[in-house]
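Just below is one structure, and these are the notes that go with it.
The values are calculated or read from the model by the stated rules, or taken from the named source; none is laboratory data. Here the structure is a predicted model, which is why all the values come from computation and not from measurement. Note: ideal-geometry Cβ built from the backbone for every residue, glycine included; neighbour counts use all protein chains shown. Surface accessibility is based on the protein's heavy atoms, side chains included, excluding ligands, DNA and RNA. Shrake-Rupley method; radii C 1.70, N 1.55, O 1.52, S 1.80 Å.
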Amino acid sequence: MRNRLAAFSLVTGLTLLMFVTGAMMIPSLLFLVNISVTMLHVWLAAGLAAGVAWIAAKMVQAERPGRLFAEAIIASCILFVACFFISGYFYDLSYDGQAYHQESIIHLDNGWNPVYDEPLNVPTGHSLWMNHYARASELAAAVLFKATGLLEHSKAINGLTIFASFFLSLSALLTLRPSSNSKAVLVALLLAFNPVSVYQALSYYVDGLLSSMLLCMVALGCLIFARPGWLLLTAYTSAMIFAINIKFTALAYAGLLTIGLLIALYMSEQFGRLKQLFKIAAVGGLVGVLLIGYNPYVTNTLTKGHPFYPLAGEEAIDVVKNFTPRNLERMNRLEQLGASYFAVTTGNSTEKLPTKIKLPFTVSEKELVALGDPDVAVSGFGPLFSGVLLLSLAVLVLAFRYRKGATMAAIGVIVLLAGSVIVNPAAWWARYVPQLWIVPIICLWLGFSMQGRRLLTGASWTLAAVIAVNALLVTGTYTYHQWEWNQSLREELAAVQTAAAKGPVRTEFTYSWANRERFEELGIAFKEEIDLACDDKMTLTKSGTSVCMPPQ
């Protein structure tokens, strides 16, 4: 690689990616030989990442690869420390995170082997999800938790994958167009800081993690298309394996992305590379489902008749139905997309209130409040996303006028991503289709790639500005609300800690049994009760936990 920034970005991105994927794949394979999560796992994942970094450095820079390797390792370590401590400062305040994601991590840390051990049975009612859902996120986090004993800090995997997707995207953009460093950095940042990834970064929700992993696949796909290398094919397959073990729907997403890459290689007559990708992706897919994903894919099939229990089959549970706005229930999927992404941004709710169409490029205070939670439902890519879509269409039309070939190639990628969105019946809900965020940024990069067209350049920079403002609105609002809620929770926990000094406090955790970890970490003695009743009951901020506070 001639561009040093592209080389550094590739090696650093691969280092971060392989650490996270290794932290999931290593324990998954060792489960098959009846070895539970141990302290050694994190060092095995780190060793895998370092080994890949060294190989990558030698492949992209024949002269002085040691320097490139050292720079990538140092950068990766700095990012790990930053993500680790930032994650640790913020409590996970999400429902799903506290209800079953953290609980799964705690059980994995305690030695639960989902391949050989009996299914979990917890009275909160969340055993169903803990036993039958894919759990790549929980496994990678459990490896960090086992090594450090710090549950909240282990959310660092979210930040690490965001940065992995940024560096890999930057390397891909610079490889495709090596003369546009500043534009490539901007576009890579906008790609990586997908609103779904941002507003789930401080929780154990998994959609943001999936978003980052899919972006890694897209970036690696571009690199595979541009230059040969077995290491890129292996990294692509690792990202694919991790993705399909995050959520069931990722099987379809990863499959469509891989098919699209195969078609691109075929149309460009790169038949040798096509055969290599087909073989390694096919083997990787089988390994990802049958070995690494043995539980739940194989065990679900053996015990429930199909791999996607409880979301498919005769006993299927519709996890979206109770949150779908009434007006969307009467629409087809394309109509739902328009009714959601051109509407006022709102959080999820069982009230099923109809969506409200709004004027593009406008923002209200209520929309910003909704962005504080990790589960934004209607118009979940931010309040300016409708304007972003309109500007993207304008850029695409202008680009087609000036350079039809390049525009048709971009449209092909857009159609592929749109197809991966439409296959999901809940495509109106941003967190279920985070890859949709990539579509307008493809239009942006297309516009940036065409020189000497004043109107197109102006439209492209306008699009970039609106996307950036939208991303900043999402990031700033989410961080502000999480900070405020965490400060409130810390004050409440400090009061409980003081009260517990006089004796165990009566506590009810309801859906959030994982909060026992918080109490134990703070040395809070508690006595758990069901249907807690008292005069001075304090419900902790966004925690599903109530405490009877003794009189002063």
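General remarks:
- When the convex hull of its Cα atoms is viewed from all sides, the chain shows a mean projected area of 25.8 nm².
- Positive-end residue of 111, 261, 84, charge dipole of the chain with Cβ unit charges: 261
- Relative contact order of region 1-62, pairs being alpha-carbon contacts under 8 Å that are 6 or more residues apart, as %: 48
- Annotation: peptides 149-156, 261-268, ranked by per-residue average of other Cβ atoms within 10 Å with the highest first, follow the order 149-156, 261-268.
- Cβ-derived FRET efficiency at R0 22 Å, residue 227 paired with residue 279, nearest 0.05: 0.75
- Calculated FRET value between residue 488 and residue 330, using beta carbons and R₀ = 56 Å, to 0.05: 0.90
- Rg/Rh for region 352-502, where both radii come from Cα atoms and Rh is the Kirkwood radius: 1.14
- Amide H contacts under 5 Å for residue 122: 127, restricted to partners 5 or more places along the chain or on a different chain, H placed in the peptide plane at 1.01 Å from N.
- The apolar share of the surface of region 199-295, taken as the fraction of accessible area on carbon and sulfur atoms (1.4 Å probe, ligands and nucleic acids excluded), comes to 75 percent.
- About its Cα centre, the dipole of region 358-406 is roughly 540 debye, where the only charges are +1 on Lys and Arg Cβ and -1 on Asp and Glu Cβ.
- Average accessible surface area per residue within region 314-403, 1.4 Å rolling probe, Å²: 53
- Proportion of all alpha-carbon pairs of region 202-285 beyond 19 Å (%): 32
- Simple label model, 7 Å out from Cα along Cβ direction - residue 314 to residue 286, nm: 3.1
- Heavy atoms of the protein chains alone define the surface here; on that basis region 64-179 has 34 Å² accessible area per residue at 1.4 Å probe size.
- For residue 526, residues with placed amide H under 5 Å, excluding near neighbours: 505
- Entry note, region 237-294: relative contact order of 50 percent, from Cα contacts under 8 Å with a spacing of 6+ residues.
- The three principal axes of the Cα atoms in region 59-206 give end-to-end lengths of 59, 32, 28 Å, sorted in falling order.
- Accessible surface, 1.4 Å probe, highest first, among residues 333, 227, 401: 401, 333, 227
- As a fraction of the 1.4 Å probe accessible area of region 506-552, surface on carbon and sulfur atoms comes out at 49 percent.
- Note on the chain: helix-only mean residue ellipticity at 222 nm, from DSSP H runs of 4+ residues weighted -39500 (n - 2.57) and normalised by residue number, equals -20000 deg cm²/dmol.
- Among the listed pairs 352/542; 183/366; 321/356; 146/247; 155/527; 155/542, a Cα-Cα separation exceeding 25 Å is found for 183/366; 155/527.
- Accessible surface of region 4-101, 1.4 Å probe: 76 percent of it comes from carbon and sulfur atoms.
- Note that region 217-272 presents 35 Å² accessible area per residue, ligands and nucleic acids not counted, probe 1.4 Å.
- In terms of accessible area, using a 1.4 Å probe and ignoring ligands and nucleic acids, 294, 204 rank largest first as 294, 204.
- The Cys residues in the chain with no partner Cys Cβ within less than 4.7 Å of their Cβ are 77, 83, 216, 222, 443.
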